[in-house]
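Undergrad: Have a look at this one before I ask anything.
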Amino acid sequence: SQELEQSPQSLIVQEGKNLTINCTSSKTLYGLYWYKQKYGEGLIFLMMLQKGGEEKSHEKITAKLDEKKQQSSLHITASQPSHAGIYLCGADKYNQGGKLIFGQGTELSVKP
Amino acid sequence: SQTIHQWPATLVQPVGSPLSLECTVEGTSNPNLYWYRQAAGRGLQLLFYSVGIGQISSEVPQNLSASRPQDRQFILSSKKLLLSDSGFYLCAWNKIPNTGELFFGEGSRLTVL
């Protein structure tokens, strides 16, 4: 069974629209990490959330972690073609740093 | 600045042939190093990690092995490839120790025929 559930699996939005990607775990997490991947390339670290209720923003991307530290959302405001790619959440379930469990990813396409 | 490199970028190998993928980190010392595999379906699975020279931990039983002959070199190997070994292999390291903030290489795409 998938330990980290991401939804939706894919998303097509019109440029300028807002969107949200969700990541859910059945267990409390030590840390939740968001990464972005362009097809055929390595992952790029976006944000790290470690405290319940934490929220971080970078440019037009905001990530939140719920109080129970089991759900996270990634919100993109006014999407641009440069936001297209695969977004993956990674979880540190055992407080072991880089030994992450990843969700299946959400493929985002932004139509001009 | 720190960089991480992987090679080869692309590899097509027959079933039963050996494999060697290499990863090198520059600009840092004693990094924690990781090998992840991304199969069809996009999820990443941790294969191996290393906290130092000669120290390798395997996360899942498989047809692969890893070695760390030098501080900043991490090698993924197989003696005989299986079809199921096909995938996108990613090497990564921690910039901040004991966090999941990883820096990934460009990846090596392996196709086993």
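The values are calculated or read from the model by the stated rules, or taken from the named source; none is laboratory data. The structure presented is a predicted model; accordingly, all values stated were derived computationally and were not measured. Ideal geometry is used to build each Cβ from the backbone, glycine not excepted, and the neighbour counts take in all protein chains shown. Protein only, heavy atoms only, side chains kept; ligands, DNA and RNA dropped before computing areas. Shrake-Rupley method; radii C 1.70, N 1.55, O 1.52, S 1.80 Å.
Undergrad: For segment B:84-102, which residues drop by 20 square angstrom or more in accessible area between the chain on its own and all protein chains together (1.4 Å probe)?
TA: Output list: B:Phe88, B:Asn98, B:Thr99, B:Gly100, B:Glu101, B:Leu102.
Undergrad: For segment A:51-60, what does the Karplus curve 6.51 cos²θ - 1.76 cosθ + 1.60, with θ = phi - 60°, yield as ³J(HN,Hα) per residue in whole Hz, taken in order and with x for Gly and Pro?
TA: Computed from phi, the couplings for segment A:51-60 are 10, x, x, 5, 9, 9, 9, 9, 6, 9 Hz.
Undergrad: Here's a follow-up. Could you work out the local net charge near B:Leu102, counting Lys and Arg as +1, Asp and Glu as -1, over the other residues with Cβ closer than 12 Å to its Cβ?
TA: With Lys, Arg at +1 and Asp, Glu at -1, the net is 0.
Undergrad: Additional query: What lysines could a cross-link reach from A:Lys56, if we take a straight Cα to Cα line under 21 Å and drop same-chain neighbours fewer than 8 places away?
TA: A:Lys17, A:Lys36, A:Lys64, A:Lys68, A:Lys69, A:Lys93, B:Lys95
Undergrad: Another question, then. Do you know the relative contact order of segment B:3-112, to the nearest whole percent, from alpha carbon pairs under 8 angstrom that are 6+ apart?
TA: For segment B:3-112, the relative contact order is 35 percent.
Undergrad: Let me ask something else about it. Roughly how much accessible area, to the nearest 100 Å², goes out of reach of solvent when B and A pair up, both sides summed, probe 1.4 Å?
TA: Summed over both sides, the interface buries about 1700 Å².
Undergrad: Which GluC sites (Glu not before Pro) does segment A:33-112 hold that lie in a coil by DSSP with at most 15 other beta carbons within 10 Å?
TA: Within segment A:33-112, the qualifying GluC sites (Glu not before Pro) (loop, at most 15 other Cβ atoms within 10 Å) are A:Glu59, A:Glu67.
Undergrad: Once each part is reduced to its C-alpha centroid, what is the distance from segment B:5-39 to segment A:3-24 in angstrom?
TA: 30 Å
Undergrad: Net charge near A:Gly16: determine it from the other residues with C-beta under 13 Å of the C-beta of A:Gly16, scoring Lys and Arg +1 and Asp and Glu -1.
TA: Here the charged neighbours net out to +2.
Undergrad: Per residue, how large is the accessible surface of chain A? Use a 1.4 angstrom probe and give square angstrom.
TA: On a per-residue basis, chain A sits at 50 Å².
Undergrad: Please figure out what share of the DSSP beta bridges in chain B is antiparallel and state it in percent, rounded to the nearest 5.
TA: Here the share of antiparallel DSSP bridges comes out near 90 percent.
Undergrad: With only Lys, Arg, Asp and Glu charged, each at its Cβ (+1 for the first two, -1 for the last two), find how big the charge dipole of segment B:3-112 is about the Cα centre; round to the nearest 20 debye.
TA: 220 debye
Undergrad: Give the distance, in whole Å, between the Cα centre of segment A:33-68 and the Cα centre of segment A:89-110.
TA: 10 Å
Undergrad: Same structure, new question: What is the antiparallel percent of DSSP beta bridges lying wholly in the protein assembly as shown, to the nearest 5?
TA: 90 percent
Undergrad: While we're looking at this one, here's another question. Calculate how many DSSP beta bridges within chain A are antiparallel, expressed in % of all such bridges and rounded to the nearest 5.
TA: The antiparallel proportion sits near 90 percent.
Undergrad: Could you name the lysines whose alpha carbon sits less than 19 Å from that of A:Lys38, not counting residues in the same chain fewer than 8 places away?
TA: Straight-distance partners of A:Lys38: A:Lys60, A:Lys111.
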